[in-house]
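What follows is a set of notes on a single structure, which appears directly below.
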Amino acid sequence: MTANTAEQPRLGLRANWQQFWLLVLVNAFVGAMLGLERTVVPLLAEEEFGLAAASAATSFIVSFGIVKALSNLVAGRFSDRVGRKQLLVIGWLFALPVPLIIILAPSWWWIVFANVLLGVNQGLAWSTTVIMKIDLVGPVRRGLAMGINEFAGYGALAGSALLTGWLAAEYGLRPVPFLIGFVFALLGLALSVFAVRETRGYAQYEARMAEAQRQETPPSFRTIFVRTSWKDRNLFSTCQAGLVNNLNDGLAWGILPIYFAAGGLSVGQIGVLAAIYPGVWSVMQLATGAASDRLGRKWLIVAGMWLQSLAIALFVMQSGFTAWASAAALLGLGTALVYPTLLASIADHSNPAWRASAVGVYRLWRDSGYAAGALLAGIIADALGISWAIWSVAVLTLLSGFVVSVVMREQRRATPVPASGVSSTEIVAEQSAR
């Protein structure tokens, strides 16, 4: 082995397990920051700030969704240009004041501003941890890597939602439930500054190792945006499914806690329901992400969207804590089928040289769904009632699954990229011989 070969990055989860699992931990803290709000903030809108209109109560999700979507785009583009780690650290700096602002907020607009900062944190920090894991594992086990990543983020979100719900039931809506946010932000920042290493070189190495990719002229960002958003049928169908998936997550975040409260549930029970959905979503991604590597992406996405549609409809068709808990678990399972699979699909259909930008464009559209869902559900709830808002989101989710079933083409299993010293041509020849 030559000295040059020895210095080359080694792709794969096992070869990079220390950095991979460190990034998993960092993403858990990112998810925990978001979990601070899932139970308590929608209840603050009504109980402390007197916001009766659903559209006003969900305005914090609109601000969060718009800013997070744009931050995803920035993270993707600048990850390709300047690297990943700097953006991760900047993302954590925006998280630090969020708990304090919510604790001290004298008016609802302070909560909206806190969610602007949280949107930047989530867009920069979550996007970069996704991109860095994709860099490290290479093309073969992306689904598994994304399943582990999203398991950590949404598992921590569920735990944080459950904990804040319990704290709110015991000590009130403010300030105690938000004090743990300072711990999450400080630990995430410290790990990102002192332990996380830059991974852009892994993506550059993967691009060099593929003959066809070496011959491709890097496209402009405008070309990447157009290709990812609608010109490429696979990337387009992935983006629209991601948008609708987060549209119904915006409903679950902003409208369902109010719906449950109107149905007579206590704050503690609402906290449990707010945790069941992301909890099931989190755990099941360990299986669904890996399954997409073996079974393909398309039909897992379709099944997940249709299962989500059914679960959302069941919230209206049934009533009571037990029935709603079952619907929340079903919604979590449907989301688990979709979430890591969509991220892996974007990586499948983009060149490593501009993959971070494509991930950023996808996450722009996906997280625009938060704002779209909160606006749509809020307006319909104010005009026709919460039940109509829930039904409308169920129908849109069903239609999104049909779009994927018609438009997306299944991707063939990825060709592995060697750890070092072997050309992609040799690997393709070896696979053909088999």
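The values are calculated or read from the model by the stated rules, or taken from the named source; none is laboratory data. All values reported here derive from a predicted model rather than from experimental measurement. Neighbour counts are summed over all protein chains in view; Cβ atoms, including those assigned to glycine, are modelled from backbone coordinates with ideal geometry.
For the reader, a short list of remarks on this structure follows.
- Residue within segment 30-37 that is outside any helix (DSSP H, G or I) and closer than 18 Å to Ala377 by Cβ present: no
- The sole residue among Leu310, Leu286, Leu273 that is farther than 19 Å from Val395 by Cα, surrounded by fewer than 22 Cβ atoms within 10 Å (Cβ to Cβ), touching a residue at least 24 places away in the same chain (Cβ under 8 Å) and aliphatic (A, V, I, L, M) is Leu286.
- Residues considered: Trp230, Trp281, Trp253, Trp324. Of these, the only one that is modelled with pLDDT of 95 or more and either acidic (Asp, Glu) or out of contact with any strand residue (DSSP E or B) (no Cβ under 9 Å at 6 or more places or on another chain) (or both) is Trp324.
- Cβ-Cβ under 6 Å pairs, at least 6 apart or on other chains, segment 316-344 side on the phi < 0 side of the Ramachandran plot and assigned to a helix (DSSP H, G or I), far side crowded, with 24+ Cβ neighbours inside 10 Å and hydroxyl-bearing (Ser, Thr, Tyr): Ala328/Tyr277; Leu331/Tyr277; Gly332/Tyr277; Ala336/Thr288; Leu337/Thr288; Thr341/Ser292; Leu342/Thr238; Ala344/Ser292
- Annotation: of all residues in segment 221-250 being assigned to a helix (DSSP H, G or I) and among the charged types (D, E, K, R), the one that is surrounded by the most Cβ atoms within 10 Å (Cβ to Cβ) is Asp249.
- Boolean, Pro257 is surrounded by fewer than 20 Cβ atoms within 10 Å (Cβ to Cβ) and in contact (Cβ under 8 Å) with a residue 12 or more places away in the chain: no
- Residue within segment 100-107 that is surrounded by fewer than 24 Cβ atoms within 10 Å (Cβ to Cβ) and under 19 Å from the mean Cα position of the chain (by Cα) present: no
- Looking only at segment 260-270, residues that are polar (S, T, N, Q) and crowded, with 18+ Cβ neighbours inside 10 Å come to 1 in all.
- Test: Pro139 is over 17 Å from the mean Cα position of the chain (by Cα), outside any helix (DSSP H, G or I) and more than 16 Å from Ala356 (Cα to Cα): no
Residue by residue, here is whether (1) outside any helix (DSSP H, G or I); (2) without any contact (Cβ under 8 Å) to a residue 60 or more places away in the chain; (3) closer than 15 Å to Met33 by Cα holds:
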{"site": "Leu118", "(1), (2), (3)": "no, no, yes"}
{"site": "Asn121", "(1), (2), (3)": "no, no, yes"}
{"site": "Ala125", "(1), (2), (3)": "no, no, yes"}
{"site": "Met146", "(1), (2), (3)": "no, no, no"}
{"site": "Asn149", "(1), (2), (3)": "no, no, no"}
{"site": "Tyr154", "(1), (2), (3)": "no, no, yes"}
{"site": "Leu167", "(1), (2), (3)": "no, yes, no"}
{"site": "Phe178", "(1), (2), (3)": "no, no, yes"}
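- Candidate set: segment 188-222, residues that are closer than 27 Å to Arg409 by Cα, of a type outside the set (D, E, K, R) and within 24 Å of the chain's Cα centre (by Cα); chosen: the one modelled with the highest pLDDT: Phe221
- Figure legend. Inter-residue proximity from segment 15-37: first residues farther than 28 Å from Gly271 by Cβ, second residues among the β-branched types (Val, Ile, Thr), beta-carbon distance below 6 Å, spacing 6+ or different chains. Indicated pairs: Leu23/Thr129.
- Any chance Glu48 is acidic (Asp, Glu) and more than 19 Å from Leu187 (Cβ to Cβ): yes
- For segment 64-90, the set of residues classified as of a type in the set (Gly, Ala, Ser) and without any contact (Cβ under 8 Å) to a residue 60 or more places away in the chain consists of Ser71 only.
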